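My structure is below; once you've seen it, I'll send some questions.
Nothing in this text is a laboratory measurement; each read-out follows from the coordinates by a stated rule. What you are looking at is a predicted structure, and each value in this text was computed from that prediction instead of being measured. Quick reminder, even Gly has a Cβ in these numbers, built from the backbone with ideal geometry, and neighbours come from all protein chains shown.
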């Protein structure tokens, strides 16, 4: 064994003694603090119980005074001094275990009615319970404790006044201190303690346990009185009376009465349990020291073994992490491949609608047939839906919130029938069964259209030999009983087994061949309906077809229901001299199409292929009123170009055209005054609205 190993063993042996000692000291210090904390909590709980008890006693006494006052109100003293009044006081006092006597005292200080017969005629004119009330009304007064016969009592008194405010005697209730003392003995800890009920001036009303040599009044310099004066409503403090052991005291004021309850426990008494714990800790520390000495000789061997095990574990962890990362990457690429196939499938459906409509339009125009409006509408509608699909894909990627609005379900389904027939092909018959007067629903219209289209495409795939697709609406209710509309997509296809139906809404679950589906369609439908406050159910069986029901809540507001068709044609440019628009776009086809569309709206147009060319054009053409620019371009991008152009021409208005989703990180800066954002692909109506918006802003400026 090397010298370093020997020294290591010596250090371990020394540590075997030092560590338990340090642990013992730390544990002892912590345990003392814990024991004192528990004792402080117990003291404060006891004081709270005493406060609750005293509050009830004094409140009961005040209620009893109210009853006495009500009884003798507006009665002459000759009637108050009648035996019936004393009988009433006796009946009132009987259930009050804390009360010794109840008196009604006249303005001369003579007891005119009493619950105790022997007190009648007694003069209290020299007592403080009478004298303090004569000058003015001070509310409830609590007297010092006095001995009456064989028991110690203190009195609670209150002034009686005539209607014109003159002094008309007092009502007094004498309370026995023994009642309080017995209660304090029951709630206090079975250790040396002191429970006090005292007046604000330090006069002790009740002391438990009783002490023959104790002062009847705490001086103002007493630590407890100083603490009470500092915090009269209550508190906790550690005090050390002169010549006496340290005490831990909690006190509380009893309601609005000039009385405090206090409960004290000497610190040495609270530490007795800590001393007992120290003996246990010492024994544990001794056993621990012996154990550590025996284990010291094994420490080095175990350290080396653990070091080798840790090295192996580190290598294995690194290998496992690399394998898991490869697996995650593989799964992610598989999901991306499935998603790409699904997107291509949906886009091919829309492209089929567009190209089909345009080919029929081309043939009819070649024959001279001008009745082609519906084919133009079909192509435009397909292009609109392609744009909406792009926006929905971007929103899905960025998890944007829904934009619900009141929607006519029958109108939305009716508007989709032609699109569905062209998308699903001639082998699928599309039918509708729409409930008359179906109320509007509150949903994201685009998401609902996409959900129905997804369900229709799934239904077509489930009917490889053709069949019937039925779209139905009916009144229903949500799970919480609110009115709803049920939209059912029903097919006559192969149906689902119970096992497949149970997993149909799981992300990436699909029964289609590889590359035919992503497994995300139904899960997106389920997420959309659930987020809209509705529910989805499946009714399917093998060979009997499938019905998927979307239950969506009814709209209960007053906003108008939005239509589902295309808007009216855009109007021309605003009246007056046609404004000049500078179109900046790096893609030549998009630049030419944008310029021609803007010109169709009645504006004059100039074009530039990049930011530098646009700035040069602005220098030579001072009549340019609007800068129409793409956001992402080589060289100067749109926001940078706009900032520089507006620095040179402060009155220039800007329209940003962007194909990205509503994501600030790729959407350029948020539009400021005199700027607006137009999202590609845009309709001529959208373009006209954007140009007219900046034109209105220019006019208002």
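Taking the Cβ-Cβ separation of residue 201 and residue 21 as r and a Förster radius of 56 Å, what is the calculated FRET efficiency to the nearest 0.05?
Numbers: r = 53 Å, r/R0 = 0.94.
Once the sixth-power term is evaluated, E becomes 0.60.
Report the calculated FRET efficiency for residue 192 and residue 63 (r = Cβ-Cβ distance, R0 = 30 Å), to the nearest 0.05.
Numbers: r = 36 Å, r/R0 = 1.22.
After rounding to 0.05, the efficiency reads 0.25.
Oh, and also: Describe numerically, in nm with one decimal, the distance between label points set 7 Å from Cα along Cα→Cβ at residue 244 and at residue 632.
In this crude spin-label approximation the distance works out to 8.3 nm.
Quick check for you: which residues of region 196-221 have the amide N under 15 Å from the point 7 Å beyond the Cα of residue 56 toward its beta carbon?
Answer for this model: none.
While we're on this one: Place the peptides 623-633, 116-126 in order of packing, highest mean first, counting for every residue the other Cβ atoms within 10 Å and averaging per peptide. If you can, show how the numbers build up before the last one.
Values: 623-633: 20.9, 116-126: 13.3.
My ranking of the peptides, most packed first, is 623-633, 116-126.
Relative contact order for region 1-270: what percent, with Cα pairs under 8 Å and sequence separation of 6 or more? Present the calculation step by step, with values, prior to reporting the outcome.
Details: 422 pairs, mean separation 44.6, N = 270.
Reported as a whole number, the value is 17 percent.
Could you give the distance between the Cα centres of region 458-508 and region 156-209, to the whole Å?
Between the Cα centre of region 458-508 and that of region 156-209, the gap is 79 Å.
With a Förster radius of 45 Å, plug the Cβ-Cβ distance of residue 359 and residue 622 into 1/(1 + (r/R0)^6) and report the FRET value to the nearest 0.05. Display every interim value, and only then the final one.
On the way: r = 47 Å, r/R0 = 1.04.
Efficiency computed from Cβ-Cβ geometry: 0.45.
Taking the Cα centre of each part, how many Å lie between region 114-152 and region 38-93?
14 Å
Given labels modelled 7 Å from the Cα in the Cβ direction, how far is it in nm from residue 431 to residue 320?
For the pair residue 431/residue 320, the computed spacing is 5.9 nm.
Extending each Cα 7 Å along its Cβ direction at residue 138 and residue 479, get the distance between those two points in nm, one decimal.
6.8 nm
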